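The values are calculated or read from the model by the stated rules, or taken from the named source; none is laboratory data. This is a predicted model, so every value here is computed, not measured. Glycine gets a Cβ as well: all are built from the backbone with ideal geometry, and neighbour counts include every protein chain shown.
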Amino acid sequence: MEERALSWQTVAAWTPFVARFLTEKFADGPLDLTGLTAPDVTGFIQRYARRHGSSYTRKLVASLRSFLRYLRYKGLNDADLARAVPKVARWSLSTLPKHLPAGQVQRVLDGCERRTALGRRNYAILLLLARLGLRAGDVVGLTLDDLDWENSRITVRGKGGRSAQLPLPADVGRAIARYLRQDRPRCSSRSVFIRDYAPLSGFNYASAVAKIVFRALRKAGVVSARKGAHLLRHSLATDMLRHGASLDEIGEILRHKSPDSTAIYAKVDIGALRPLALAWPGGAR
């Protein structure tokens with residue numbers, strides 16, 4: 001956090017990977033960091049890369065590379081072990097964003113339990129994800145000071161310390177206001193959403209928001225290849241595109257730094273792309 005200006009969310013996300021690597025290498029014995037070798041690094045990554053997808057593996061190699069650079073910087077290991085961390089192939093625009101039709105998104109929202117304090121908290125979180133396309137980390141970092149009730153705006157502090165103001169839709173505002181008035185526990189934390197167990201504070205990890213989405217999908221009986229918070233973000237962008245929004249407008253809502261991040265949604269509108277397809281020789285168009 002001091003040397004690289006990483007956010008605490010990034011540090012919290014990367015630490016478990018490093019802890020797993022060190023635990024597998026040293027178990028309960030002393031941490032002999034000077035004894036780490038390149039085969040230790042590549043062997044660990046190869047084992048986990050076989051079990052998980054490319055997204056997980058990219059986080060794994062990023063965390064290990066950062067940690068190993070830190071070891072060398074602090075003089076705890078003279079070898080440049082960061083060079084032993086392989087790159088993970090990622091081809092630009094090679095995949096389609098996983099999304100839900102608008103009807104299924106509404107089904108997830110309608111299936112959320114709103115008769116309990118916990119259910120109303122989760123409903124407000126799901127609305128933020130579905131209506132504004134917030135990332136899980138955006139929800140975790142949301143504070144009471146970010147809510148501008150007079151102007152119906154919300155300040156979102158996203159990746160790289162960047163912040164943006166977004167309009168606060170009426171239904172989202174009502175859900176958050178109801179949670180704050182009736183259900184939010186009294187505590188010293190300035191986080192908008194408080195976890196439901198002691199110590200009372202905001203969420204520590206973005207994975208807590210992902211679990212809320214996963215449980216909501218399961219309760220609504222909605223089957224999806226992707227089950228995290230980004231599913232609702234992709235669903236919002238896809239629905240906007242199909243209702244005539246431009247890629248620039250979608251990028252503004254999603255707060256993309258580069259237009260390339262938004263370009264992937266151009267492949268979702270199959271109907272608009274169909275006239276561009278060339279006839280296959282000997283086949284039907």
Identify, please: which residue in segment 21-71 is touching a helix residue (DSSP H, G or I) at 6+ places or on another chain (Cβ under 6 Å) and small (G, A, S) and is, among those, farthest from K87 (Cα to Cα)? A38
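Going through segment 58-89 one residue at a time, which ones are under 23 Å from the mean Cα position of the chain (by Cα) and either within 16 Å of D32 (Cα to Cα) or among the aliphatic types (A, V, I, L, M) (or both)?
L60, V61, A62, L64, F67, V88, A89
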Examine segment 125-146 for a residue that is assigned to a loop (DSSP other than H, G, I, E, B) and either over 23 Å from R218 (Cβ atoms) or outside the structural domain of V213 (by TED's automatic domain parsing) (or both), and state whether such a residue exists. yes
Here the residues within segment 194-251 that are among the basic types (K, R) and within 21 Å of V140 (Cβ to Cβ) are R195, K211, R215, R226, K227, R233
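Table: residues versus (1) without any contact (Cβ under 8 Å) to a residue 40 or more places away in the chain; (2) assigned to a loop (DSSP other than H, G, I, E, B); (3) touching a Cys at 6+ places or on another chain (Cβ under 7 Å).
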| position | (1), (2), (3) |
| --- | --- |
| L200 | yes, yes, yes |
| K211 | yes, no, no |
| L217 | no, no, no |
| A225 | no, yes, no |
| G244 | yes, yes, no |
Out of the residues in segment 19-38 that are part of a loop (DSSP other than H, G, I, E, B) and of a type outside the set (D, E, K, R), state the one that is nearest to G75 (Cα to Cα). L36
Name the single residue, out of those in segment 166-195 being polar (S, T, N, Q) and exposed (fewer than 12 other Cβ atoms within 10 Å of the Cβ), that is nearest to the chain's Cα centre (by Cα). S188
Inside segment 196-225, can you point out the residues that are touching a Pro at 6+ places or on another chain (Cβ under 9 Å) and either closer than 21 Å to P101 by Cα or surrounded by 14 or more Cβ atoms within 10 Å (Cβ to Cβ) (or both)? L200
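Quick check, is V172 farther than 17 Å from G137 by Cα, part of a helix (DSSP H, G or I) and not polar (S, T, N, Q)?
Considered against the rule, which asks whether it is farther than 17 Å from G137 by Cα, part of a helix (DSSP H, G or I) and not polar (S, T, N, Q), V172 comes out as yes.
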Give the residues of segment 136-165 that are of a type outside the set (V, I, T) and buried (at least 21 other Cβ atoms within 10 Å of the Cβ), sorted by residue number. A136, G137, D138, G141, L142
Could you tell me whether V41 is touching a Leu at 6+ places or on another chain (Cβ under 7 Å), assigned by TED's automatic domain parsing to the domain that holds A206 and at negative phi? no
Select from segment 194-229 the residues that are out of contact with any strand residue (DSSP E or B) (no Cβ under 9 Å at 6 or more places or on another chain) and among the β-branched types (V, I, T) and list them in ascending order. V209, I212, V213, V222, V223
Which one of G75, G103 is at pLDDT 80 or above, small (G, A, S) and in a loop (DSSP other than H, G, I, E, B)? G75
How do the pairs read when you match residues in segment 10-28 that are free of Cβ contacts under 8 Å to residues at least 24 places away in the same chain with residues anywhere that are surrounded by fewer than 18 Cβ atoms within 10 Å (Cβ to Cβ) and part of a helix (DSSP H, G or I), using Cβ under 8 Å and keeping only pairs 6 or more apart or on different chains? K25/D40
